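Beneath this line is the structure, given in structure tokens, with notes to follow.
The values are calculated or read from the model by the stated rules, or taken from the named source; none is laboratory data. Predicted model, so just to flag it, every value in this text is computed and none were measured. Cβ placement follows ideal geometry from the backbone for every residue including glycine, while neighbour counts extend to all protein chains displayed.
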Amino acid sequence: MTMRWELNDLVGASDIADRYGVGRAAVSNWIKRFEDFPTALTTVGGNRIYSRKQVHTWYEKQFGGRTDRLLERANELETAARKLREAAARADAQCKGPASDRDDLT
């Protein structure tokens with residue numbers, strides 16, 4: 001029996017990563033760690049191909065509504081990290097300052 005799939009229903013790991021806002025390493029971890037992750041339909045050029053619908057159903061079952069909260073928290077952490085880098089850069093620039101300012105300290 002031959003299975004037929006619509007072309008727009010076929011996705012690879014990079015498509016899955018893009019869709020859910022994660023890296024390919026995260027998708028690779030899902031495939032390895034979750035026994036219920038959908039089975040690849042086929043392999044093309046060394047890349048496993050999955051059903052978009054099956055992956056979406058699995059994802060919703062695993063992560064459900066937590067996705068929005070996780071993305072929101074990730075954005076908050078990214079903003080905090082950026083502010084810390086900016087503050088560190090300002091502090092570093094103040095420490096270096098002009099040579100005349102440093103001469104007063106010795």
The condition of being modelled with pLDDT of 95 or more and surrounded by 10 or more Cβ atoms within 10 Å (Cβ to Cβ) holds, among A87, A40, only for A40
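With under 18 Å from the mean Cα position of the chain (by Cα), surrounded by 10 or more Cβ atoms within 10 Å (Cβ to Cβ) and at pLDDT 90 or above as the only criterion, which of N75, N47, N29 stands out?
On the way: N75 fails: at pLDDT 90 or above; N47 fails: under 18 Å from the mean Cα position of the chain (by Cα).
Result: N29 is the single residue among N75, N47, N29 that is under 18 Å from the mean Cα position of the chain (by Cα), surrounded by 10 or more Cβ atoms within 10 Å (Cβ to Cβ) and at pLDDT 90 or above.
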Residue set Y20, Y59; condition surrounded by 12 or more Cβ atoms within 10 Å (Cβ to Cβ), of a type in the set (S, T, Y) and modelled with pLDDT under 90; output residue Y20
